[in-house]
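In what follows, a structure is listed as structure tokens, so that the remarks can point back to it.
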Amino acid sequence: MLGDRIFVIVAMVVGSSVEVRAGLIGDSVKVELINTGLDVQGSSTAVVGAGVEFPRNGPASNVFDIDFTDTQVSFTLDPGFNYLINPFAHVNYRVADLTKTLSGASVNAATTLSQFTNSRLSLSNGSLILDFAGLGNGFTISKGSRVVLDLTATAPVTTLTAGGLDVPRTGQISAVPGVVNTSFDSSGGGCDTGGLNVTGAPTIDTGNVHFVRLSPTGDSSCYLSVGSPTGAEALLFLGDPLNRITNLGFYWGSIDAYNSFQVLDLNGRPIPIDGFGDTVTGSAFSAFTGRFAPDSAYVNLAFAPGAQPLALRLISSNTAFEIDNLGIKHTTPAAPARAAASAARVPAPPIAWMFGSALLTLAIGRRNRTAGRIAHP
């Protein structure tokens with residue numbers, strides 16, 4: 001009836017959500033009906049919510065109602081039809097999650113097809129295989145027979161680590177292969193924004209100013225600082241949003257408890273960081289690394305696949321938050337000149353509301369600079 005062997009692939013796609021969670025409500029799901037040669041026989045997409053996402057006789061659901069809830073998926077036959085032959089006899093299913101990872105599955109007690117047990121489930125590379133084909137025809141199928149599975153899914157997360165490469169006069173740069181490291185030293189011998197668009201009123205200079213700013217450890221070059229006795233913040237736009245950023249880093253010094261940072265996505269929302277939440281504070285980072293002011297440390301962020309980083313937000317309620325050696329890695333490697341030029345295309349207005357109408361906007365130094373960049377192989 002269904003051919004030699006039929007597979008259904010169920011693929012879950014989430015927007016930019018990167019937190020660890022099992023819930024599927026609101027996720028887009030895609031169902032493809034394919035044969036053993038992986039040729040697509042039918043395909044459907046839906047958003048998990050109220051009702052049956054894939055009613056039977058659809059392009060991909062065939063004889064089943066395929067219904068997702070927040071933590072389950074069910075496969076149900078027509079409750080008004082008696083099957084004289086086993087419709088499962090030549091059918092297998094594979095449930096795959098393209099954004100999260102399926103880390104567990106089990107048969108729920110609501111399953112009425114008693115012959116289907118956990119032994120017919122297997123996880124492979126984040127995909128769940130349902131073995132119906134081995135059931136054969138030696139049992140009776142009641143109207144509305146169904147299999148209900150409890151699913152556990154874990155979304156990838158944005159992670160933070162600490163540590164970089166020591167460079168004389170500069171402190172530390174990113175050790176991540178493929179990262180383009182940008183300093184705040186201009187080719188003419190002064191200081192500038194490194195070709196990045198910056199909003200706020202940061203200071204870019206060298207040396208120490210008593211009770212105002214302290215250069216990062218081992219760094220006699222130009223660095224950026226933000227802060228005042230009444231508080232201040234700045235945004236550093238990270239480049240072309242169409243060329244997704246996979247890694248971001250910077251040299252943080254000194255690590256004060258009243259410093260904090262966020263990475264904002266294309267909608268101006270903070271990207272959650274595993275173990276830290278929306279905001280990484282100096283005190284939390286010090287607890288994580290065991291390093292406290294006036295120490296410095298290189299911060300490394302590896303973004304989850306769904307993350308869409310746009311800007312680094314630096315916040316300091318006192319004097320000051322100092323950084324240097326911004327490291328950025330894109331999906332498509334960007335040459336230093338392109339990285340600087342692409343910053344001109346990144347709009348500040350979508351998230352400038354967070355800083356109020358008195359915010360000063362700087363668009364400094366979009367120039368073809370090579371002296372301030374070190375491409376790490």
Study note, to complete from the structure: Rounded to the nearest Å, the spacing of the alpha-carbon centers of segment 176-196 and segment 225-247 is 14 Å
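Of 143, 100, which has the most accessible area and how do the rest follow, probe 1.4 Å?
Numbers: 143 110, 100 5 Å².
Highest to lowest solvent-accessible surface, that is 143, 100.
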Practice item. Search the structure for amide H atoms under 5 Å from the amide H of residue 73, placed 1.01 Å from N in the peptide plane, and list their residues when 5 or more places away or on another chain. Key: 149, 151
**Study point:** Set of aspartates and glutamates with alpha-carbon distance to residue 30 below 15 Å, sequence-local pairs under 8 removed
**Key:** 53, 65, 67, 97
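At 1.4 Å probe size, with every protein chain present, just tell me what the per residue accessible area of segment 270-334 comes to in Å². The partial results should precede the final answer.
Values: 2230 Å² over 65 residues.
About 34 Å² of surface per residue is accessible.
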Exercise for review: Could you check the simple spin-label distance between residue 109 and residue 228, using points 7 Å along Cα→Cβ, in nm with one decimal?
Suggested key: 6.4 nm
Revision key, fill the gap. Of segment 230-259, those with amide N under 19 Å from the point 7 Å along the Cα→Cβ vector of residue 169 are 251
Exercise for review: Check cross-link reach from residue 329 to the lysines: straight Cα distance under 29 Å, and skip same-chain residues fewer than eight apart.
Suggested key: 100
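With an 8 Å Cα cut-off and a minimum separation of 6 or more residues, compute the relative contact order for segment 40-125 in percent. Let's see the in-between values first.
Numbers: 75 pairs, mean separation 12.7, N = 86.
RCO, segment 40-125: 15 percent.
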Point to revise | segment 121-274: relative contact order in percent, alpha carbon pairs under 8 Å with at least 6 residues between | key: 21 percent
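Note down the magnitude of the dipole of segment 183-269 about its Cα centre, charges +1 on Lys and Arg C-beta and -1 on Asp and Glu C-beta and zero elsewhere, to the nearest 20 debye. Don't jump to the answer; show the numbers that get you there.
On the way: 3 positive and 8 negative charges, 33 e Å.
So the magnitude is around 160 debye.
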**Study point:** Virtual spin-label span in nm between residue 131 and residue 209, 7 Å along Cα→Cβ
**Key:** 7.1 nm
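Sort 195-207, 267-279 for me by packing, meaning the mean count of neighbouring Cβ atoms within 10 Å per residue, highest on top. Kindly include the intermediate steps, with their values, before the conclusion.
Details: 195-207: 20.8, 267-279: 16.2.
Top of the packing list down: 195-207, 267-279.
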Study note, to complete from the structure: The percentage of the accessible area of segment 170-304 (probe 1.4 Å, all protein chains present) made up of carbon and sulfur atoms, to the nearest whole number, is 55 percent
Review point. Where only protein heavy atoms count, and the probe is 1.4 Å, what is the accessible area per residue for segment 50-197 in Å²?
Key: 42 Å²
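The values are calculated or read from the model by the stated rules, or taken from the named source; none is laboratory data. In this text, all values refer to a predicted model and were calculated from it rather than measured experimentally. Here the Cβ is made from the backbone with ideal geometry for all residues, glycine too, and neighbour counts use every protein chain on show. Heads up: the accessible areas ignore ligands, DNA and RNA and are worked out on the full protein's heavy atoms, side chains in. Shrake-Rupley method; radii C 1.70, N 1.55, O 1.52, S 1.80 Å.
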